[in-house]
Amino acid sequence: MTSHGERGGSPAYKAQKPRLALIHSPRAQLTHYTVMDILRTIAHQPTSNNNKTCEQTLNKSCESQKKKSEEHAQGPTETCSRVITDSATGKCYCRGKVLGKGGFAKCYELTDLATGKVYAAKIIPHTRVSKPHQREKIDREIQLHKALHHKHIVHFYQHFEDKDNIYILLEYCNRRSLAHILKARKVLTEPEVRYYLRQIVSAMRYLHDHDILHRDLKLGNFFVSECMELKVGDFGLAARLEPLGNRRRTICGTPNYLSPEVLNKQGHCCESDVWALGCVMYTMLLGKPPFETTNLKETYRCIREARYTLPSSLSLPARQLIASMLSKNPQDRPSLEDILIHDFFTQGFTPERLPVTCCHSAPDFHISSPAKSFFKKAAAALFGGKKEKAKYYETLNKLTKEEDEIYKLSQDLSKATIGQPCCRQDEKPPSAPAGKPVAMVKESRQRNQDAVHTIVRGSLGSCSSEGLEDSTAVSVVASVTSVLRGSLENMPEGDDFPNENLGSNFLWVTKWVDYSNKYGFGYQLSDHIVGVLFNNGTHMSLLSDRRTVHYYAELGQYSVFPVADVPEQFVGQVTILKYFSHYMEENLMDGSDVVSVMDASVPQLYLLQWLKSDRALMMLFNDGTFQVNFYQDHTKIILCSLKQEYLLTYINEERVSSTFRLRTLLASGCPDELRHRMEYALNMLLQKAK
């Protein structure tokens, strides 16, 4: 591990997937028979003798190993045995293979002999931290890391020590690190980079919100778990953010990732971590750091001048984001929030999950996209020539009897009415509404985050409403706008959420698919009803029994017919409705923990208007239910009226929901994370009205 300055303590462990937690650690050289004997021996010994028996039995079993194996498994010192005991708890651990090395320590696979749980354990010999300032650094790292709790930060379990070593037990990430993945892959695709960067930024926001600087962000310190989730680790150089005049001037970190201000001894700041993130993004996309040279002095010269090359092989948004993060002046670099709303994220595909094969080979998102396959087949059936139709119908023998009947009804689809989108993605979006709808908390946030840049939109055909006392669709928008605006103007500032969390007996959108470039916008409600608002302004709902269709040509006016007996003019649309339903059921996950308990007497809910901006999706329903889904962190807000009481639900990044009475929020206020989203949602409503 290349390092500089006060780099010292923390190894970036190189974790590999264990075949079985305890028995098959390859380099431990223990047979299945030997380990099982150890466990049986431990189980039958009195508690007071457990520690001694563990060590005696394991040491005896290791005596017969080859000399080469013994040397390979050698610990930080010769006094670090295979079985390690925490004297405070009496727990015994088996030391396995080396995962990584650092300045002070080695990281090992460590298995709890009682439970089989595997940890990544940093083992630091006392002889390596004998000087007071060295021990202080280890203690500082322990105290800082143990207080961190975030899903994208390596979890700190515990620490203990004996007469020879200090042991720090950390979360074991068996997919190793991004450095290992990049070594196998050479370069990563842009969707993968977006996937990993979102998680890194999430962890960085957590750290910076707690006034902690990592100071050593690099690929080797980003670990990947069994389920391909990224975890930021190695807090050996992390430090508290100090006021400008008190910042440490020490040059520390990895040379290729150091920022100009650190090299110039102006001290670390949050912007220094953003610079390192720019280097990380560049490295993932191009396979090498931006300032890498054969000479360290030349590398430092390039960093100080912010001199590097951006090849045209990268997309324009990628080049622009890298250039902004690698700005020479720290004040010119984007905030972590600005990074997530950059075009690189909002205008590009980000996978929900990555397959394990991404560790060694590039994914093919096109082939693996179920949506493309589904809708390509639908297009062939609906609009293809005779040859395409014949080939398509040859595959119907594989379908269920019910599906077969549906497709037979679609042989003559010349009368199907499928229109064009109301606003195409290549058209110039409508201008933002003049003026500011509400007083914003901060002018800078207003400038960067509250401007709504419309991408595409759709509406039910204009009409009368029976849901809101014969009002028009415009009145539905006006009503929700008035409620939301009034709440924001009168709600006090608050640091915490109210101590209230109501039930979830309301409907909301759990899944959605935008295919408006051809057909329309599809969604699934929490009661499993599937709806599609077609490009021609009509709406269809497939009820949860999957046998009944509601057709809306206008607001409040609908007809009902069974799936088994579709009117001829609707066959094409029902076929598409079925495709939307099947795709969402098979390929999309629910967006929250909210489970709706519905009253059968509640009127049917159907989509009235929708709008997609570069940051969020807005959906407005016939009864005034209003939902906004934010792309970058998957948060959501839902405003609805239930029994003459307005409720607001907030679903956070962890997909955990909280439901409050609107009057409760008006009395006690709410944190900025919810207020900011409500402000943006109001601007989307105003943009839609425009």
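Readers should treat all values here as calculations from the given coordinates under stated rules, not as data from a laboratory. Since we're looking at a predicted model, the values are computed, not measured. So basically every Cβ, Gly included, is an ideal-geometry build from the backbone, and we count neighbours across all protein chains shown.
Each peptide in 178-185, 666-673 receives the mean, over its residues, of other Cβ atoms within 10 Å, and ordering these scores from highest gives 178-185, 666-673. Modelled this way, with points 7 Å down the Cα-to-C-beta line, the labels at N536 and S130 are 8.6 nm from one another. Each of V532, V154, V201 has some number of other Cβ atoms within 10 Å of its Cβ, and from fewest to most they run V201, V154, V532. Per residue, the convex hull spanned by the Cα atoms of the range 172-305 amounts to 107 cubic angstrom. Couplings 3J(HN,Hα) for the range 666-682, derived from phi with the Karplus relation 6.51 cos²θ - 1.76 cosθ + 1.60 (θ = phi - 60°), are 5, 7, 10, x, 8, x, 4, 4, 7, 4, 4, 5, 5, 5, 5, 4, 4 Hz, where x marks Gly and Pro. The H on the amide N of K91, modeled in the peptide plane, is under 5 Å from the matching H of D86, each at least 5 residues off or on a different chain. Which shape class applies to the range 526-591: rounded if a/c is under 1.5, otherwise prolate when a/b exceeds b/c and oblate if not, where a ≥ b ≥ c are the square roots of the Cα gyration tensor eigenvalues? Prolate. Here the 3J(HN,Hα) profile of the range 179-186, calculated from phi with Karplus coefficients 6.51, -1.76 and 1.60 at θ = phi - 60°, is 4, 5, 5, 5, 4, 6, 9, 6 Hz, Gly and Pro shown as x.
Label reach from D495 (point 7 Å along Cα→C-beta): in the range 645-682, amide nitrogens under 20 Å belong to 665-676. Residues whose amide H lies under 5 Å from that of V513, counting only those 5 or more places away or on a different chain, are G522, Y523; hydrogens are built 1.01 Å from N in the peptide plane.
For F365 and H634, the difference between the fully extended length at 0.36 nm per residue and the C-alpha to C-alpha distance is 94.8 nm.
Mind running the shape call on the range 607-683? Use the C-alpha gyration tensor, a ≥ b ≥ c as the square roots of the eigenvalues: rounded below 1.5 for a/c, prolate if a/b tops b/c, oblate otherwise. Taking the square roots of the gyration eigenvalues as a ≥ b ≥ c, the range 607-683 is oblate. Here F626, F365, F349 are placed in order of increasing Cβ neighbour count within 10 Å, fewest first, which gives F349, F365, F626. Here the Karplus curve 6.51 cos²θ - 1.76 cosθ + 1.60, taken at θ = phi - 60°, turns the phi angles of the range 303-310 into couplings of 5, 4, 8, 6, 10, 7, 10, 10 Hz, with x standing for Gly and Pro. In whole angstrom, note down how far apart the Cα centers of the range 532-563 and the range 187-207 are. Result: 40 Å between the Cα centres. Return the FRET efficiency for the residue pair S312, Q347: r is the Cβ-Cβ distance, R0 is 25 Å, and the value is rounded to the nearest 0.05. Between S312 and Q347 the formula returns 0.90. In terms of its alpha-carbon gyration tensor, the range 278-326 comes out prolate; a/c meets the 1.5 threshold, and the first ratio a/b outweighs b/c.
In this structure the amide hydrogen of Y606, modeled in the peptide plane, comes within under 5 Å of the amide hydrogens of N622, D623, none closer than 5 places in sequence on its chain. Using the Cβ-Cβ distance between S668 and S335 with R0 set to 25 Å, the FRET efficiency from 1/(1 + (r/R0)^6) comes to roughly 0.30. The order of the peptides 339-347, 569-577 by mean Cβ neighbours within 10 Å, most packed first, is 569-577, 339-347. Among residues other than P330 with Cβ under 10 Å from its Cβ, the summed charge is -1 (Lys and Arg +1, Asp and Glu -1). What full-extension length gain, to one decimal in nm, is calculated for R304 and K183 as 0.36 nm per residue of separation minus the Cα-Cα distance? Between R304 and K183, full extension yields 40.8 nm more. Here S202, S475, S272 are placed in order of increasing Cβ neighbour count within 10 Å, fewest first, which gives S475, S202, S272. Using a cutoff of 8 angstrom between alpha carbon atoms and counting only pairs six or more residues apart, the relative contact order for the range 178-359 works out to 26 percent. The slack in the chain from D139 to C227, taken as 0.36 nm per residue of separation less the alpha-carbon distance, amounts to 28.5 nm. For K643 and K146, FRET efficiency with R0 = 51 Å and r from the beta-carbon atoms, rounded to 0.05? Efficiency, from the Cβ-Cβ distance: 0.65.
Extending 7 Å from Cα along the Cβ direction at D565 and again at K265 yields two label points whose distance is 8.9 nm.
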